[in-house]
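K.L.:
Dropping a structure here in structure tokens format, bear with me for questions.
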2 protein chains.
Amino acid sequence: MENYNRQNGNAKSVGVVCVTSGGTTVPLEQRCVRYIDNFSSGNRGAASTEYFSILISSGYAVIFVHRRGSCQPYCRYLPEDSFLEFFEVLNDSEIQVSFAQLLTKLAVNGGFLLKLPFTTIFEYLQIIQVVATSLSCLGPRGMFYLAAAVSDFYVPWENMAKHKIQSAAGPLDMRLTQVPKMLRILRTDWAPSAFCVSFKLETDSEILLQKAESALRKYQMHVVVANELATYKREVIAVSLDGKISIRKQSEDADVEEQLIKLLVEKHNKYIECCGMG
Amino acid sequence: MENYNRQNGNAKSVGVVCVTSGGTTVPLEQRCVRYIDNFSSGNRGAASTEYFSILISSGYAVIFVHRRGSCQPYCRYLPEDSFLEFFEVLNDSEIQVSFAQLLTKLAVNGGFLLKLPFTTIFEYLQIIQVVATSLSCLGPRGMFYLAAAVSDFYVPWENMAKHKIQSAAGPLDMRLTQVPKMLRILRTDWAPSAFCVSFKLETDSEILLQKAESALRKYQMHVVVANELATYKREVIAVSLDGKISIRKQSEDADVEEQLIKLLVEKHNKYIECCGMG
């Protein structure tokens, strides 16, 4: 934890970041057949985990809280489909798999990567609470990078249909309740000194920045990363009290996450210094 | 198509079966961030495809209409998780992959297996229409085995929120419309001579058989396979105008689909005979 230095503006720190990734589900029935899901491949979280990782550049140990079956770090360039398809292009892919496997093993066995899977919003909230209260002992050296697409609405257990909803009775009216705002509790109770980065995804560019600024104030985030559905793979805007920084990927092969993580690591290091722990 | 014989009660026919597998999704927004999904691993459809297949026993060419990313035939015993995890148990798994790959290649290259993927209910319905009208030229030799978990409710495009639904405005009320009953149109318009098997899944055992019998009459199915969420992996009931036949798997390693497909192939052969094409 004391291994901290700054050289040529390239900040290095050893910290722990909790990266959340992929979408949470909301069951609609107690004996669940149907559920609401959030679109998210988990690619952002997986890529970010790589750039945070001590193996590549930024020197963080990563707790990767991810949706079961979503994109995994070091495997992003492997084909998405079942691995049978993948095996048809044997030679190159075998090398890719071996390399990905090696990096994952190094990270996991070295204690730099802990993978925790979730499916429902309920599992997700429980995991974040456990991770946050465990990380609170690190104070400002802990970071949350909340890229998961977390459900905004859910059906409370007592309102949930016990059995599969029947389709014979005409249209289906559903009332969904707002999910309690976890970000607020994270900041005030679970890990009040940790550096917190949340994401704001919108499909409407006109309200995006306003929503991001509102989240920054309301939940006392240190950074809110604003992104739009149509362009989220190539552009994000990091919104903080210092202002807005737009980040675009600079070539077809680049990851927008590389620059984003660099910026966040710098901001996190300044934050640690300000807290008197630099 | 003329290669049909019956020996010792072990019916063999060359036909084409359309197996549907996995769950369909229903988008909740036009620029879709959230959607309703149906629980379904696709294991039943994948297993059934194997037992229908000309490679193993029943002599059918299979059109495997499946949810993207769901369980695939010949791969059912491979680990579910990402293939990195799988690679840790190298030797046995490599043999399994090679075998699965060989079978899939034989089936696809031999023209006995056509894989068509879907995600939304809209894609699913379009694919079924195309497959059904294409198979109608086979008359009674065509079969539909509709194991997919198809959404019962959807949001019509014109009622759909254009952008991501905002969470600030309190609870969310949604009205979902019933999906038109595709089974009826399949039987009356698209492929009226095909042999049709649909599935009825319920979580409440008390209404299961009543629902299955009702579907049999209402949609003029030839067989409705009734199954309960808690026991669907080990027990199904084949409901037809001839009566109900309960099928349980006979050992831990057996597939309930093996006996089910055997029964359905027998029924299909009788149906072809009755139609004067045996």
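The values are calculated or read from the model by the stated rules, or taken from the named source; none is laboratory data. All values derive from a computational prediction rather than experimental measurement. Cβ coordinates were reconstructed from backbone atoms using ideal geometry, including for glycine residues, and neighbour counts include every protein chain displayed. Keep in mind that these areas ignore ligands, DNA and RNA; they rest on the heavy atoms of the full protein, side chains included. Shrake-Rupley method; radii C 1.70, N 1.55, O 1.52, S 1.80 Å.
K.L.:
Using the Cβ atoms and a cut-off under 10 Å, what net charge is assigned to the surroundings of B:Glu29, where Lys and Arg are +1 and Asp and Glu are -1?
P.N.:
Surrounding charge for B:Glu29 is +4.
K.L.:
Compute accessible area for the stretch B:137-167 by itself and then with all protein chains, 1.4 Å probe, and report residues whose area falls by 10 Å² or more.
P.N.:
Correct list: B:Asp152, B:Phe153, B:His163, B:Lys164, B:Gln166, B:Ser167.
K.L.:
Shifting gears a bit: State which entries of A:Lys200/A:Lys267; A:Lys164/B:Lys249; A:Lys211/A:Lys267; A:Lys218/B:Lys162; A:Lys262/B:Lys164; B:Lys244/B:Lys267 exceed 23 angstrom in Cα-Cα distance in the structure shown.
P.N.:
Listed pairs above 23 Å: A:Lys164/B:Lys249; A:Lys218/B:Lys162; A:Lys262/B:Lys164.
K.L.:
Could you run the numbers on buried accessible area between B and A, total for both chains, 1.4 angstrom probe, in Å² to the nearest 100?
P.N.:
5000 Å²
K.L.:
Here is a further query. When the Cα centres of the stretch B:189-240 and the stretch B:104-181 are compared, how far apart do they sit, in Å?
P.N.:
Answer, in whole Å: 18.
K.L.:
With a 1.4 Å probe and all protein chains in place, put B:Trp157, B:Trp190 in order of accessible area, largest first.
P.N.:
Reading off the accessible areas and sorting them downward yields B:Trp157, B:Trp190.
K.L.:
Give the long-range amide H neighbours of A:Ala147: residues separated by 5 or more places, or on another chain, with amide H under 5 Å away, using H modelled in the peptide plane at 1.01 Å from N.
P.N.:
Answer set, sorted by chain and number: A:Thr20.
K.L.:
Right, next: Which value in nm describes the separation of the simple spin-label points at A:Lys162 and B:Arg184, placed 7 Å from the Cα toward the beta carbon?
P.N.:
3.1 nm
K.L.:
Which shape class applies to the stretch A:156-216: rounded if a/c is under 1.5, otherwise prolate when a/b exceeds b/c and oblate if not, where a ≥ b ≥ c are the square roots of the Cα gyration tensor eigenvalues?
P.N.:
Verdict is oblate for the stretch A:156-216.
K.L.:
Working with all protein chains in place, sort A:Ser251, A:Ser48 by solvent-accessible area computed with a 1.4 Å probe, largest first.
P.N.:
Of A:Ser251, A:Ser48, the descending order of accessible area is A:Ser251, A:Ser48.
K.L.:
Please compute one quarter of the surface area of the Cα convex hull for the stretch A:130-278 and express it in square nanometres.
P.N.:
With every direction weighted equally, the projected area is 12.6 nm².
K.L.:
Just reorder B:Arg67, A:Arg248 by solvent-accessible area, largest first, 1.4 Å probe, all chains present.
P.N.:
A:Arg248, B:Arg67
K.L.:
With only Lys, Arg, Asp and Glu charged, each at its Cβ (+1 for the first two, -1 for the last two), find how big the charge dipole of the stretch A:117-265 is about the Cα centre; round to the nearest 20 debye.
P.N.:
Once rounded to the nearest 20, the dipole reads 400 debye.
K.L.:
Applying the Karplus parametrisation 6.51 cos²θ - 1.76 cosθ + 1.60 with θ = phi - 60° to the phi angles of the stretch A:38-44, what ³J(HN,Hα) value in whole Hz is obtained for each residue in order, glycine and proline being reported as x?
P.N.:
Here the 3J(HN,Hα) series is 10, 4, 5, 7, x, 5, 4 Hz.
K.L.:
Additional query: Please list, in chain and number order, the residues 5+ apart from A:Val179 or on another chain whose amide H is under 5 Å from its amide H, with Hs placed from the backbone.
P.N.:
A:Phe153, A:Tyr154
K.L.:
Going by amide H atoms built from the backbone, whose H comes under 5 Å of the H on B:Leu114, apart from near neighbours?
P.N.:
Under 5 Å from the amide H of B:Leu114: B:Val62, B:Ile63, B:Phe64.
K.L.:
Counting only the heavy atoms of the protein chains, how much of B:Glu213 is accessible to a 1.4 Å probe, in Å² to the nearest 10?
P.N.:
The accessible area of B:Glu213 comes to roughly 60 Å².
K.L.:
Each residue of the stretch B:128-136 in turn: what ³J(HN,Hα) in whole Hz from Karplus with 6.51, -1.76, 1.60 and θ = phi - 60°, glycine and Pro shown as x?
P.N.:
4, 4, 5, 5, 5, 5, 5, 7, 4
K.L.:
Ordered by packing density, taken as the mean number of other Cβ atoms within 10 Å over each peptide's residues, highest first, how do B:129-137, B:19-27 rank?
P.N.:
Final packing ranking: B:19-27, B:129-137.
K.L.:
How much accessible surface area, in Å² rounded to 10, belongs to the heavy atoms of B:Phe199 with a 1.4 Å probe?
P.N.:
For B:Phe199, the solvent-accessible surface is approximately 40 Å².
K.L.:
With the cut-off at 1.5 for a/c, could you classify the stretch B:18-60 from its C-alpha gyration tensor as rounded, prolate or oblate?
P.N.:
prolate
K.L.:
Then there's this: Working from the alpha-carbon coordinates of the stretch B:186-250, get Rg over Rh, Rh being the Kirkwood radius.
P.N.:
1.00
K.L.:
Determine the sum of side-chain charges near A:Tyr154: Lys and Arg each +1, Asp and Glu each -1, restricted to other residues whose C-beta is under 15 angstrom from that of A:Tyr154.
P.N.:
So the surrounding residues net to -3.
K.L.:
Any residues in the stretch B:170-185 that have 20 Å² or more less accessible area with all protein chains than in their chain alone, probe 1.4 Å, and which are they?
P.N.:
The answer is B:Gly170, B:Pro171, B:Leu172, B:Asp173, B:Met174, B:Arg175, B:Leu176, B:Gln178 - residues whose exposure falls by at least 20 Å² when every protein chain is included.
K.L.:
Suppose we keep just the DSSP beta bridges with both residues in the stretch B:158-248; what percent of those would be antiparallel, to 5?
P.N.:
60 percent
K.L.:
Could you please report the charge total around A:Ile261, scoring K, R as +1 and D, E as -1 over all other residues with beta-carbon less than 12 angstrom from its beta-carbon?
P.N.:
In short, -2.
K.L.:
Next question. Viscosity 1.002 mPa s, temperature 20 °C: Stokes-Einstein D of the stretch A:92-209 from its Kirkwood Cα radius, in µm² per second?
P.N.:
D, rounded to a whole number, is 118 µm²/s.
K.L.:
How far is it, in nm, from the label point at A:Ala254 to the one at B:Ser134 when both lie 7 Å from their Cα along the line to the Cβ?
P.N.:
Spacing of the two 7 Å Cα→Cβ label points: 4.4 nm.
K.L.:
Treating the point 7 Å from Cα along Cα-beta-carbon as the label, what are the nm separations from A:Pro117 to the other copies, to one decimal?
P.N.:
1.9
K.L.:
Which whole-Hz couplings ³J(HN,Hα) result when phi for each residue of the stretch B:61-76 is put into the Karplus expression 6.51 cos²θ - 1.76 cosθ + 1.60, θ = phi - 60°, listed in order with x for Gly and Pro?
P.N.:
7, 10, 9, 9, 8, 10, 5, 3, x, 7, 4, 10, x, 6, 10, 5
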